[in-house]
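**Student:** Before I ask anything, here is the structure I am working with.
The values are calculated or read from the model by the stated rules, or taken from the named source; none is laboratory data. What you are looking at is a predicted structure, and each value in this text was computed from that prediction instead of being measured. Glycine gets a Cβ as well: all are built from the backbone with ideal geometry, and neighbour counts include every protein chain shown.
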Amino acid sequence: MTTIANNLQQVLGRMAQACQAAGRGPDTVQLLAVSKTFGADAVADAVAAGQRDFGENYIQEGVDKITALRAAMPGVELQWHCIGPIQSNKTRLVAEHFDWVHTVDRLKIAERLSAQRPEHLAPLQLCVQVNIDGGPTKSGVAPADTLELVRAVAKLPRLVVRGLMSIPDHAPDFEPQLAIHTSARRLFDQILALKEPSLEQFDTLSLGMTADLEAAIAAGSTMVRVGTGIFGGRN
């Protein structure tokens, strides 16, 4: 078994244990393998071990891998998630190549993604990024402004608002990790409870990474984004 395959099994084991501790089924949380800075060969190893969903922080790097792996693995369906910041001059690349985007935090970016999503592709699945802990240098819409943005994005064609995503500042221990992730879960639940017709597919809470996936799952995350736990440390 390759190192990546072994790491993948360990992460899936952690997720299963966290789900059991939270009284959740293991199928209620999806694993997103974050492959930034690792090449297409590393992704191919993860694919061989059964992984199908991948997150990329750097858009051009992600597009290069998407293109290479589609050529190398015809017929293998992978889901590609943009989980990094999006500048206006990169929206077309995201719209044309990715299946999901997690980092929409202003309407202008969503409008560009909507206009640039090719008609022959399925609608782009989208999470609104929330600055849940208010970090002054962090991306994300303020919690108080989240519902307004979600509603505005949901009106755009070629996009489907699926949920919320956050990247809180690192906390060293389980309890503070849980507290901040629970804040995101509470906001998610508030929007879900409105049962608005334009948000009928609002079902995704993208929370948690290698260091805090247990706390994220305890709080209610439906998708964890794990990089170093699968691919190893980055230079």
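**Student:** Considering only residues that are closer than 16 Å to Leu207 by Cα and either among the charged types (D, E, K, R) or in contact with a Phe, Trp or Tyr (Cβ under 6 Å, 6 or more places away or on another chain) (or both), which ones fall in the range 28-53?
**Tutor:** Of everything in the range 28-53, those that are closer than 16 Å to Leu207 by Cα and either among the charged types (D, E, K, R) or in contact with a Phe, Trp or Tyr (Cβ under 6 Å, 6 or more places away or on another chain) (or both) turn out to be Ala33, Asp53.
**Student:** Right, here's the next one. Going by the conditions given, is Asp212 under 18 Å from the mean Cα position of the chain (by Cα), more than 26 Å from Ala5 (Cβ to Cβ) and free of Cβ contacts under 8 Å to residues at least 60 places away in the same chain? Working first, answer last.
**Tutor:** Numbers: under 18 Å from the mean Cα position of the chain (by Cα): yes; more than 26 Å from Ala5 (Cβ to Cβ): no; free of Cβ contacts under 8 Å to residues at least 60 places away in the same chain: yes.
Judged against the criteria, Asp212 is not a match.
**Student:** Of the conditions (1) out of contact with any Pro (no Cβ under 9 Å at 6 or more places or on another chain); (2) free of Cβ contacts under 8 Å to residues at least 60 places away in the same chain; (3) outside any helix (DSSP H, G or I), Ser221 fails just one. Which one is it?
**Tutor:** (2)
**Student:** Please go through the range 166-184 and pick out each residue that is outside any helix (DSSP H, G or I) and more than 18 Å from Gly140 (Cα to Cα).
**Tutor:** If we filter the range 166-184 for residues that are outside any helix (DSSP H, G or I), which is where we start, we get 166-173.
Ala171, Pro172, Asp173 - these are the residues of the range 166-184 that are outside any helix (DSSP H, G or I) and more than 18 Å from Gly140 (Cα to Cα).
**Student:** With respect to His102, determine if the residue is farther than 20 Å from Phe54 by Cβ, of a type outside the set (S, T, N, Q) and out of contact with any helix residue (DSSP H, G or I) (no Cβ under 8 Å at 6 or more places or on another chain). Full working, then the answer.
**Tutor:** Details: farther than 20 Å from Phe54 by Cβ: no; of a type outside the set (S, T, N, Q): yes; out of contact with any helix residue (DSSP H, G or I) (no Cβ under 8 Å at 6 or more places or on another chain): yes.
It is false that His102 is farther than 20 Å from Phe54 by Cβ, of a type outside the set (S, T, N, Q) and out of contact with any helix residue (DSSP H, G or I) (no Cβ under 8 Å at 6 or more places or on another chain).
**Student:** Quick check on my filter: what residues within the range 177-235 are touching a strand residue (DSSP E or B) at 6+ places or on another chain (Cβ under 7 Å), at positive phi and surrounded by fewer than 24 Cβ atoms within 10 Å (Cβ to Cβ)?
**Tutor:** Gly220
**Student:** Go through (1) surrounded by 15 or more Cβ atoms within 10 Å (Cβ to Cβ); (2) modelled with pLDDT under 95 one by one and return the number of the condition Gly75 breaks.
**Tutor:** Result: Gly75 fails condition (1) only.
**Student:** From the residues in the range 97-114 that are touching a Lys or Arg at 6+ places or on another chain (Cβ under 9 Å) and touching a residue at least 40 places away in the same chain (Cβ under 8 Å), which one is surrounded by the fewest Cβ atoms within 10 Å (Cβ to Cβ)?
**Tutor:** Step one: filter the range 97-114 for residues touching a Lys or Arg at 6+ places or on another chain (Cβ under 9 Å), giving 100, 102, 112-114.
Applying the additional criterion that residues be touching a residue at least 40 places away in the same chain (Cβ under 8 Å) yields 100, 102, 113-114.
Details: Trp100: 23, His102: 27, Leu113: 24, Ser114: 19.
Per the criteria, the residue is Ser114.
**Student:** All but one of (1) under 29 Å from Pro176 (Cβ atoms); (2) among the β-branched types (Val, Ile, Thr); (3) touching a residue at least 24 places away in the same chain (Cβ under 8 Å) hold for Val153; state the number of the condition that does not hold.
**Tutor:** Among (1) under 29 Å from Pro176 (Cβ atoms); (2) among the β-branched types (Val, Ile, Thr); (3) touching a residue at least 24 places away in the same chain (Cβ under 8 Å), Val153 violates only (1).
**Student:** Only one of these is part of a helix (DSSP H, G or I) and either in contact (Cβ under 8 Å) with a residue 60 or more places away in the chain or surrounded by 18 or more Cβ atoms within 10 Å (Cβ to Cβ) (or both): Ala42, Ala16, Ala33. Name it. Steps first, answer last, please.
**Tutor:** Values: Ala16 fails: either in contact (Cβ under 8 Å) with a residue 60 or more places away in the chain or surrounded by 18 or more Cβ atoms within 10 Å (Cβ to Cβ) (or both); Ala33 fails: part of a helix (DSSP H, G or I).
Result: Ala42 is the single residue among Ala42, Ala16, Ala33 that is part of a helix (DSSP H, G or I) and either in contact (Cβ under 8 Å) with a residue 60 or more places away in the chain or surrounded by 18 or more Cβ atoms within 10 Å (Cβ to Cβ) (or both).
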